[in-house]
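Below: the structure, in structure tokens.
Any read-out appearing in this document is the output of simple, stated calculations on the displayed coordinates, not a laboratory observation. Please read these numbers as outputs of a predicted model, since none were measured by experiment. Note that each Cβ is placed from the backbone with ideal geometry, even for glycine, and that neighbours are counted across all protein chains shown.
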């Protein structure tokens, strides 16, 4: 019998705090070569959206996430992100669990955003903000709050921002400008228009860019990337599908200009050098992060009333 985790059960099994620690472990294991991750496969269905197949292998398990991104769905009362995560035993190929992909994605996105902010932000950072109050923005805000840090929330839809703030304990930013001025900034937008133009980031500020996770998306201007210190989740993936793609194609960024955050977490690369540095983390979302969340959920499988699937 194969347990099935609904979205609510994924969240019940994995707290934001546990998600952050799981994602931290995944980054380090991947950097050390203990976990592996073949390239993400995009199946475009543009202009409406796209499908993604994301495999990973680690800790004696294999994972495949089949997930969508259809930004126009909320206007139809549908979620932007849907799909399934399949977890298998890597020793014999037998299925171990099926999980709701939207919940797994939200948990690991919030965890990766805040982990990067804590790793790369100033030690004396005081303010934090999340721009974008969708499912993944809500996860980022909740993770900040869980870590004991007050957070401002802003969204183009003020009513949605108010609902998410009430659920997470975040405060509503008085303006977009107030949110964008936070010491630790997380942007989780559809990536259809720039959030940060040239000169937007002030000295000492950090921004985790979580929205531009596919072709044609961008949250930050090329000129701004060229003047700040840039980090990413995985060079191979981010250099093809992340915010940094346009800067690379324009000749403004090279491989040696970008540091993978896993190397920083593993102690193999330098993070923030000076308090006055402005830093950016470009996230494209990694299957190793999904594997980390799935394994964390399995730790609680016996504590939840899970439905089961049977293979004939």
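The figures follow:
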item: Computed E for residue 177/residue 255 - FRET, C-beta separation, R0 51 angstrom, nearest 0.05; result: 0.90
item: Inter-centroid distance (Cα atoms) of region 30-63 relative to region 195-218, Å; result: 23
item: Rg ratio (alpha-carbon, reference 2.2 N^0.38 Å) - region 120-285; result: 0.98
item: For 30, 46, order by how many other beta-carbon atoms lie within 10 Å, fewest first; result: 46, 30
item: Interatomic Cα distance distribution for region 181-248, bins of 5 angstrom, percent; result: 4, 19, 30, 30, 14, 4, 0
item: Fully extended contour minus Cα-Cα distance, from residue 15 to residue 75, at 0.36 nm per residue; result: 18.7 nm
item: Residue 274-residue 34 FRET efficiency (beta carbon distance; Förster radius 30 Å; 0.05 resolution); result: 0.40
item: Linear extension gain, residue 163 paired with residue 91, 0.36 nm per residue minus alpha-carbon span; result: 21.5 nm
item: GNM top mover of 85, 188, 245 - the chain, alpha-carbon springs below 10 Å; result: 245
item: 66, 154 arranged by Cβ crowding within 10 Å, fewest neighbours leading; result: 66, 154
item: Size-normalised alpha-carbon gyration radius of the chain, reference 2.2 N^0.38 Å; result: 0.94
item: For the chain: relative contact order, % (alpha-carbon pairs under 8 angstrom, 6 or more apart); result: 22
item: DSSP bridge orientation in the chain - percent antiparallel, rounded to nearest 5; result: 55
